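Quick notes on the structure that follows.
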Amino acid sequence: MLLLALCVAAVIPGLITGWLIHRRHGWQLAALAAAGVTLAMPFLLLSAFVVFPPLGFALGAASALAALSAFDDGRIWTGVALAGAAGVAFSCAGWAAW
């Protein structure tokens, strides 16, 4: 569920941007702008983790708990993806494992 929420949160700003630009400038420019906004969202999220570490710790803990739940349910690939997201969030927040 958390992974789905992150995917939706990354796609919605691109869709809104594309819709707003298409009304004035056409579909070609709208598609490029929507793709640019959608591709920039992960970098914006990682920058937010670096600037505000408690956000990284909170999302890392939530991702780690969701990964454990996914592993318990037998969804291995979902658990691996969520564990990777937790690792990235913790590392961007400044928590080194060594």
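The values are calculated or read from the model by the stated rules, or taken from the named source; none is laboratory data. Keep in mind that what you see is a predicted model, and the values were worked out from it rather than measured. In this analysis, Cβ positions are derived from the backbone assuming ideal geometry, glycine residues included, and neighbour counts consider all displayed protein chains.
Consider only pairs whose beta carbons are under 8 Å apart and that are at least six residues apart or on different chains; among these, list those whose first residue lies in the stretch 20-37 and is under 20 Å from A10 (Cα atoms) and whose second residue is of a type outside the set (A, V, I, L, M) and exposed (fewer than 13 other Cβ atoms within 10 Å of the Cβ).
Listed by first residue and then by second, the contacts come to A30/W19.
Out of all the residues in the stretch 39-63, which are buried (at least 17 other Cβ atoms within 10 Å of the Cβ) and among the small types (G, A, S)?
Hits for the stretch 39-63 are G56, G60, S63.
Take the stretch 21-35 and flag every residue that is touching a helix residue (DSSP H, G or I) at 6+ places or on another chain (Cβ under 8 Å) and surrounded by fewer than 16 Cβ atoms within 10 Å (Cβ to Cβ). Even if it seems obvious, please write down each step before you answer.
At the first step, the residues of the stretch 21-35 found to be touching a helix residue (DSSP H, G or I) at 6+ places or on another chain (Cβ under 8 Å) are 21-22, 29-31, 33-35.
L29, A31, A35 - these are the residues of the stretch 21-35 that are touching a helix residue (DSSP H, G or I) at 6+ places or on another chain (Cβ under 8 Å) and surrounded by fewer than 16 Cβ atoms within 10 Å (Cβ to Cβ).
Here is a yes/no grid of residues against (1) surrounded by 16 or more Cβ atoms within 10 Å (Cβ to Cβ); (2) at pLDDT below 90:
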position: L2; (1), (2): yes, yes
position: V8; (1), (2): no, yes
position: I12; (1), (2): no, yes
position: V37; (1), (2): yes, yes
position: L65; (1), (2): no, no
position: I76; (1), (2): no, no
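May I ask you to say which residue of A10, A33 is of a type in the set (A, V, I, L, M, F, W, C) and within 11 Å of the chain's Cα centre (by Cα)? Outline the logic, then answer.
Working: A33 fails: within 11 Å of the chain's Cα centre (by Cα).
Result: A10 is the single residue among A10, A33 that is of a type in the set (A, V, I, L, M, F, W, C) and within 11 Å of the chain's Cα centre (by Cα).
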